[in-house]
Amino acid sequence: MSNILVLGAGYTGIAAAVRVAAKTRRVGGRVRLVNASPTFTERLRLHQTAAGESLAVHPLDEIVAGTGLDVVLGRVARLDAARHEAHLDDGRVLGYDKLIYALGAVADASVPGADSHAYTFYDHEQAVRLCGHLGTLRSGTVVVVGGGLTGIESAAEFAEAHPRLHVVLLSRGRPGSMMGERARAHLDAALERLCVEVRTGVEVHKVLPDAVELVGGELIHSDVTLWTAGTRGLPLVAGSGLSVDARDRIVVDSALRSVSHPDVYAVGDAAAVTQKFGVLHGTCQGGIPTGLHAADSLAATLRGKTPKQFRFGYIHQPVSLGRKDAVIQFTRPDDSPRRWYLKGRAAVAYKEMVSSSPLPTYRLLKRGLVPVRAFALSAGIP
Ligand SMILES: Cc1cc2nc3c(=O)[nH]c(=O)nc-3n(C[C@H](O)[C@H](O)[C@H](O)COP(=O)(O)OP(=O)(O)OC[C@H]3O[C@@H](n4cnc5c(N)ncnc54)[C@H](O)[C@@H]3O)c2cc1C
């Protein structure tokens, strides 16, 4: 009987755990799913939580009911890949034969003051605290650092939910620079309509309790700062003995096994997964297929078979612009923009379909109804 541990019950960890439990049932695998919180965090919606929207709560026990998985509640503090042990912060030690690592990422807040004076979207609690803080302000300035999709979505959401607050979006490049010209024009117009002040070509030097200091010395007053500029692996990965890249993501081979410790599989934001066009960036879109593929690789290995190569291609860049607008840029597999895009109501409906799709997907997976081929298609692979 194989002792399988899945660390992290986010988007990718649940997908991996449900699938590996189904695939190893016949060979008597014991699968434990470890998570810090008893509920599933819909990270895709954390900007909505922070803006004050009440969202449904999804207990993990309900999501995995009927799979035979054991849910272990606890926070992983240390991982010892050589000894095959995960140490929880309450002293429990969980041994494993095979591990699927799916603990996600933290904000890359290496600029001085960012970790102490800025909010991040690390977990649901931070989003709730940010929501409380925004709710206490009658006027003032909210600075969002980072012009990637999370920064854009957050700035738009805050500006719409709190029209009395001045929202400033700070970005090195043009927000949405990865999109095509027409989708980007829609995005620019939406941010202007919502009165978001967009500052591009700026580099943050320091985050202070009441300001953001730019390289060059300019101070931008800030009552609340949200840091969304980049992510990296959890600090505990660096001390685990696993091979990691410059952003502390676990480097994996084509079967999604750690290149240094093949009994460890890494998925989602935590993994450095290389495709022909480069290393995947953290999305659910790519993350859930990695979770499913790692489960299949692990099950194949237990049966003495050679695991298949992971292949993935992007299909879209979905961006909400408040609750009444959105823009969806359709992409080639390498994430470069195609000609097609959606905007307005059609884009809002599409974005909502994307954000709400993981839970029905887990329900189908539990019933064995989602063939791998469907995921390959959803991942843009012909
Ligand atoms: C506001 C926002 C909007 C986004 N929008 C999109 C989008 O539209 N499309 C898209 O594809 N992607 C989007 N993303 C990115 C997407 O959310 C991530 O890529 C995705 O969540 C990665 O899944 P994951 O399973 O790797 O990590 P996560 O979903 O973060 O899951 C990690 C899990 O590990 C748990 N955990 C963490 N540390 C510990 C610990 N030490 N011990 C125990 N448990 C722990 C957490 O509680 C969590 O359950 C968005 C992200 C944000 C913040």
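Observations
- Within the range 31-75, the set of residues being out of contact with any Cys (no Cβ under 7 Å at 6 or more places or on another chain), within 28 Å of Thr136 (Cα to Cα) and near the ligand (Cβ under 10 Å from one of its atoms) comprises Ser37, Thr39, Phe40, Thr41, Glu42, Arg43, Arg45, Leu46, His47, Gln48.
- For Tyr265, the stated conditions hold: it is over 30 Å from Tyr341 (Cβ atoms), among the hydroxyl-bearing types (Ser, Thr, Tyr) and within 14 Å of the ligand (Cβ to nearest atom).
- Some residue of the range 306-329 being free of Cβ contacts under 8 Å to residues at least 40 places away in the same chain, among the polar types (S, T, N, Q) and not assigned by TED's automatic domain parsing to the domain that holds Met178: yes
- Taking the range 109-131 as the range and being away from the ligand (no atom under 13 Å from the Cβ) and of a type in the set (Asp, Glu) as the test, only Asp115 passes.
- Among the candidates Ala229, Ala246, Ala185, residue that is without any contact (Cβ under 8 Å) to a residue 12 or more places away in the chain and within 23 Å of the chain's Cα centre (by Cα): Ala246
- Selection status of Tyr96, at pLDDT 95 or above, of a type in the set (Phe, Trp, Tyr) and over 23 Å from the mean Cα position of the chain (by Cα): yes
- Strands (runs of 3 or more DSSP E) completely within the range 289-363 that count 3 or more residues being within 11 Å of the ligand (Cβ to nearest atom): 316-320
- Listed by position, the strands (runs of 3 or more DSSP E) enclosed by the range 21-108 that each have at least 1 residues that are in contact with a His (Cβ under 8 Å, 6 or more places away or on another chain) are 76-80, 93-95, 98-101.
- Matching entry among His47, His58, His87 (being closer than 27 Å to Ala159 by Cβ and not acidic (Asp, Glu)): His47
- Within the range 356-382, considering residues that are among the small types (Gly, Ala, Ser) and more than 19 Å from Asp335 (Cα to Cα), the one modelled with the lowest pLDDT: Ala374
- Extreme residue, nearest to His166 (Cα to Cα), among residues of the range 109-145 that are within 19 Å of the chain's Cα centre (by Cα) and assigned to a helix (DSSP H, G or I): Leu130
- Subset tally (residues that are part of a helix (DSSP H, G or I) and among the basic types (Lys, Arg)) for the range 158-183: 1
- Selection from the range 151-164 of residues that are surrounded by fewer than 24 Cβ atoms within 10 Å (Cβ to Cβ) and touching a residue at least 40 places away in the same chain (Cβ under 8 Å): Gly151, Glu160, Ala161, His162
- Extreme residue, farthest from Leu44 (Cα to Cα), among residues of the range 80-98 that are within 13 Å of the ligand (Cβ to nearest atom) and touching a residue at least 40 places away in the same chain (Cβ under 8 Å): Leu94
- When we screen Ser222, Ser254, Ser177, Ser260 for residues that are under 20 Å from His47 (Cα atoms), among the small types (Gly, Ala, Ser) and more than 16 Å from the ligand (Cβ to nearest atom), the only hit is Ser222.
The values are calculated or read from the model by the stated rules, or taken from the named source; none is laboratory data. Computed from a prediction, not measured in an experiment: that's the story for all the values here. With ideal geometry, Cβ positions are generated from the backbone for all residues, glycine too; neighbour counts draw on all protein chains shown.
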